[in-house]
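A quick write-up on the structure given underneath.
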Amino acid sequence: ERPMAGAPFTMEVELGKIREFARATKSSNPGYLTADVPVSPATFLATAAFWTGPENAPPMAEIGDPARVLHGEQEFVFHGEPPRAGTRLVGQTRIGNSYDKRGTRGGSMRFVELVTEFRTPEGRLVAESKTTVIVTSQAPAEGPTAS
């Protein structure tokens, strides 16, 4: 069984974007804001979404109906310090673990782990982002629900 992966993408860790991200998250950490070559905040790699398109995602057919996908959990794993400004990363997202679980109201849920590996252009693993999405058996109802 082959892992389903999207096309690789290149992400530049930019000084200005690190500082914008730090300010947006109300950080006062000088390592992000005033260092000559700042390190990126731990959750900065979430901005990879701005560097990707549909071709970089694993095939949705392997995940499920987008109308039924919920964000469940996010985790970042670093293999050393977080990347610094000026670092070029090559990312690629693949499907990791998946399993089904019965819901309390009779529906089923599929949990799918999406793993994005961030590597240097030479191939050294820098970090991983692990996102767990939940695919519900039914699309959420529109409007308020009856009590």
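Readers should treat all values here as calculations from the given coordinates under stated rules, not as data from a laboratory. Keep in mind the model is a prediction, meaning the values are calculated, not measured. Cβ atoms come from the backbone with ideal geometry, glycine included; neighbour counts cover every protein chain shown.
Observations, loosely collected:
- In the set ALA61, ALA22, ALA48, ALA7, only one residue is assigned to a helix (DSSP H, G or I) and either at positive phi or in contact (Cβ under 8 Å) with a residue 40 or more places away in the chain (or both); that residue is ALA48.
- Within region 74-132, restricting attention to residues that are assigned to a loop (DSSP other than H, G, I, E, B) and among the β-branched types (Val, Ile, Thr), the residue that is surrounded by the most Cβ atoms within 10 Å (Cβ to Cβ) is THR87.
- Scanning region 64-73 for residues that are surrounded by fewer than 13 Cβ atoms within 10 Å (Cβ to Cβ) and either among the β-branched types (Val, Ile, Thr) or assigned to a strand (DSSP E or B) (or both), we see that the one that is farthest from the chain's Cα centre (by Cα) is LEU70.
A quick yes/no check of all residues on (1) among the charged types (D, E, K, R); (2) out of contact with any strand residue (DSSP E or B) (no Cβ under 7 Å at 6 or more places or on another chain):
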{"residue": "PHE9", "(1), (2)": "no, no"}
{"residue": "GLU12", "(1), (2)": "yes, no"}
{"residue": "ILE18", "(1), (2)": "no, yes"}
{"residue": "GLY31", "(1), (2)": "no, no"}
{"residue": "ASP36", "(1), (2)": "yes, yes"}
{"residue": "ILE63", "(1), (2)": "no, no"}
{"residue": "ARG68", "(1), (2)": "yes, no"}
{"residue": "LYS101", "(1), (2)": "yes, no"}
{"residue": "ARG110", "(1), (2)": "yes, no"}
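- When the criteria are applied in full, ALA35 meets the requirement of being assigned to a loop (DSSP other than H, G, I, E, B), over 17 Å from GLU113 (Cα atoms), free of Cβ contacts under 8 Å to residues at least 24 places away in the same chain and not β-branched (Val, Ile, Thr).
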